[in-house]
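Taking it in order: structure first as structure tokens, then the write-up.
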Amino acid sequence: MVGPTSASLSDNFHLAECYCQYNLQLSHTYPTLFFQDQYLDKFFALVHALDEHVFPVRIGDMRIMENNLETELKSSIAALNSAQLEPVVRFLHLLLDKLVLLVVRPPVIAGQIVNLGQASFEVMASVVNRLHKYLDTSQDMHGRNSLLSSYIHYVFRLPSTDPSSSSPGPGGLGGSVHYATMARSAVRPASLNLSRSRSLSNSNPDISGTPTSPDDEVRSIIGSKAMERCGNRMSSHTESASFLQTLTGRLPTKKLFHEELALQWVVSSGSVREGALQQAWFFFELMVKSIIHHLYFTERLESPRKNRFPERFMDDIAALVSTIAGDIVSRFQKDLELVERINTSLAFFLNDLLSVMDRGFVFTLIKTYWKQVSTKLYALQNPTLESLRLDFLRIVCSHEHYVTLNLPCSLLTPPASPSPSVSSATSQSSGFSTHIQDQKIANMFELSIPFREQHYLAGLVLSELSVILDPDNEGMFGLHKKVVSVVHNLLSSHDSDPRYADPEVKARVAMLYLPLIGIVMETLPQLHDFTESHNQWGRPGCPQGAAVGSCGEETEGEGNSMISQTVAMAIAGTSTASPMSRPSSFLLNSQTGRQHGSFSAESSRSLLICLLWVLKNADELVLQKWFTDLSVSQLNRLLDLLYLCVSCFEYK
């Protein structure tokens, strides 16, 4: 069967989108509306029969009784894959609303709960993939189908939690018919059997609250007793539902779409799972909007994050992230285009979760991804996988509260009046006199375990920078510009952010990047040599216009270093009277120091401007203390680096 051409569908795309909401209103007013496709017509007719509880259902010459409604409904859902695409596009919003409602509220037919969540999820994945395939000209810059994106942004909302409401949620299914909370499938992957306590109800976080009526109290008591007696979720739910229907005449009605979507995605397999992966962005964004709507309408946005979601849902999210990270690691060499889309979608999903879920839990998800990718990179040094991890990190770190997430407020308190001299630095009256305080200062300038634990995301960024710029990682040479760009963009955003305009606040932000100084110092031999055009002015200590190497015996005696030993010793606060051997310096012009290759001028310039931003905005007292603890060779390298900055940014 030859599908419709992209051109013909594109011609009708805008018209279909304009009339979609009109058709949604019309379908509620005229239930017998003909949907221009036999499969769509049958599906909507059966859903309408459930809505109005009217039997038998007549579809053409077919008469469907209530006793075979379940079979016909399941077959009509499966047959939606065969529906013509143009009618599907025209009634897409209405179709998706009905499928969402069937996931959230499986109907009760002839006294039995009908599990339609899996079938609805499968069809949803199939429809989304068909739209992406045939409406490829209607995609935005991120590869998202515009019609699907507009559905999430403008149309999707949580179904009404009251089944007898006169104004039903999307898709209707209100009226007199009862809807039961579908129990989760008893067949769950072994990866989901996590050692966490299971709450009574994953679908109604308020079930343990104060009952609003005697019926609510009976429902809570009977439901909890049934759950305690039965280990199997499906059987316990059926027993509970039976009790509730007998005693109260009603069934549990509330179910959360994001919880069911996460579950169905985790337990899916085969072509269904592959279809969901192909358009992971759609299901991730749908899940996030469901979460936000749930928190807003239940007034939980101000509640503690650890109490917002049941642990079972968090288990499903953890399992989902773990399996998708495994797919990225195992498939990046086979289908890079797909893996890039999945990697980006997962990063944006975790970025969104940082705004609504417990941040410690989201950091655990990031760690899960990081561990799987790192394990693969350890076995296979592949720049493509490293590039994917950089993209992931860049998106996660683009969060609006990135600085706050890194906990920039350290407990370290600088002294009131430090001195650059050695005697003062070692004085008992100095605030830096104790070993613990000295160690804290050292940890602030190193990618130490305490630093990475306190400043998690910043630690990941700087660790990536250190690993990729390592001269021993020759295979990562092509990623120098990319990783430097990540750091440069972060610092640019901090510098232009009005929230950090105050110098004291900016100093706290700069503390997150103090290890950058040491990283750049280590890469000094690899940086582009901007001093070649600067030598006409002579090195420090030479007369203006003197040629390099003509500064007398001092220069040669210093090992041809840019910075004299006298200057370095003075900065370190060390007496120059005591004779000391001159450590070898890393020369910019040394060929041995450049055996691993050099940075481009653009990357070197970006890295140096990052260094200068940190030095400019960091706490001067902390910097002074760190300078006094540097060795002479380290001071020489730092001064050589600053000399390179002067050569790079001077006005010529």
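The values are calculated or read from the model by the stated rules, or taken from the named source; none is laboratory data. Bear in mind that the values here come from a model prediction, so they are computed numbers and not experimental data. As a convention, Cβ positions derive from the backbone with ideal geometry for all residues, glycine included, and neighbour counts pool all protein chains shown. In case anyone asks, the SASA skips ligands and DNA or RNA and just uses the protein heavy atoms, side chains included. Shrake-Rupley method; radii C 1.70, N 1.55, O 1.52, S 1.80 Å.
To keep it simple, each residue is scored yes or no on (1) over 26 Å from Cys397 (Cβ atoms); (2) open to solvent by less than 20 Å² (accessible area, probe 1.4 Å); (3) modelled with pLDDT of 95 or more.
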site: Arg250; (1), (2), (3): yes, no, no
site: Gly326; (1), (2), (3): no, no, yes
site: Leu336; (1), (2), (3): no, no, no
site: Asp352; (1), (2), (3): no, no, yes
query: Are there any pairs, at least 6 apart or on different chains, whose C-beta atoms fall under 7 Å, with the first in the stretch 129-145 and more than 18 Å from Leu85 (Cα to Cα) and the second among the basic types (Lys, Arg) and assigned to a helix (DSSP H, G or I), and if so, which?
result: Gly143/Arg341
- request: May I ask you to list the residues in the stretch 576-604 that are under 30 Å from the mean Cα position of the chain (by Cα) and either surrounded by fewer than 19 Cβ atoms within 10 Å (Cβ to Cβ) or modelled with pLDDT under 90 (or both)?
  value: Glu602
- request: Select from the stretch 459-471 the residues that are open to solvent by 10 Å² or more (accessible area, probe 1.4 Å) and within 15 Å of Ser598 (Cβ to Cβ) and list them in ascending order.
  value: Asp470, Pro471
statement: Taking first residues from the stretch 297-316 that are under 15 Å from Leu354 (Cα atoms) and second residues anywhere that are open to solvent by 20 Å² or more (accessible area, probe 1.4 Å), the pairs with Cβ under 6 Å that are 6 or more apart or on different chains are Arg305/Asp358; Lys306/Asp358; Arg308/Arg300
message: Filter the stretch 282-306 down to the residues that are at pLDDT below 95, crowded, with 19+ Cβ neighbours inside 10 Å and of a type in the set (D, E, K, R) and list them by number.
response: none
- prompt: Restricting the stretch 486-533 to residues that are open to solvent by 30 Å² or more (accessible area, probe 1.4 Å) and polar (S, T, N, Q), which is farthest from Val622 (Cα to Cα)?
  reply: Ser533
query: When the stretch 373-394 is examined, which residues are found to be under 10 Å from Gly475 (Cβ atoms) and crowded, with 16+ Cβ neighbours inside 10 Å?
result: Pro383, Glu386
message: Please verify whether Leu411 is aliphatic (A, V, I, L, M), open to solvent by 40 Å² or more (accessible area, probe 1.4 Å), assigned to a loop (DSSP other than H, G, I, E, B) and at pLDDT 80 or above, treating the condition exactly as stated.
response: no
message: Taking the condition of being closer than 11 Å to Leu40 by Cα, touching a Lys or Arg at 6+ places or on another chain (Cβ under 9 Å) and of a type outside the set (Gly, Ala, Ser), how many residues in the stretch 51-108 meet it?
response: 3
message: Suppose the filter is in contact with a helix residue (DSSP H, G or I) (Cβ under 8 Å, 6 or more places away or on another chain), over 21 Å from Ser631 (Cβ atoms), modelled with pLDDT of 85 or more and not hydrophobic (A, V, I, L, M, F, W, C); does Gly431 pass it?
response: no
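Checking the conditions here, which among Ser120, Ser75, Ser150 is of a type in the set (S, T, N, Q), touching a residue at least 24 places away in the same chain (Cβ under 8 Å) and surrounded by fewer than 22 Cβ atoms within 10 Å (Cβ to Cβ)?
Answer to the check: Ser150.
For the stretch 469-531, which helices (runs of 4 or more DSSP H) that fit wholly inside it have 2 or more residues that are touching a Leu at 6+ places or on another chain (Cβ under 6 Å)?
So the answer is 480-496, 515-522.
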message: Given (1) surrounded by 19 or more Cβ atoms within 10 Å (Cβ to Cβ); (2) at pLDDT 95 or above, identify the lone condition not met by Gln279.
response: (2)
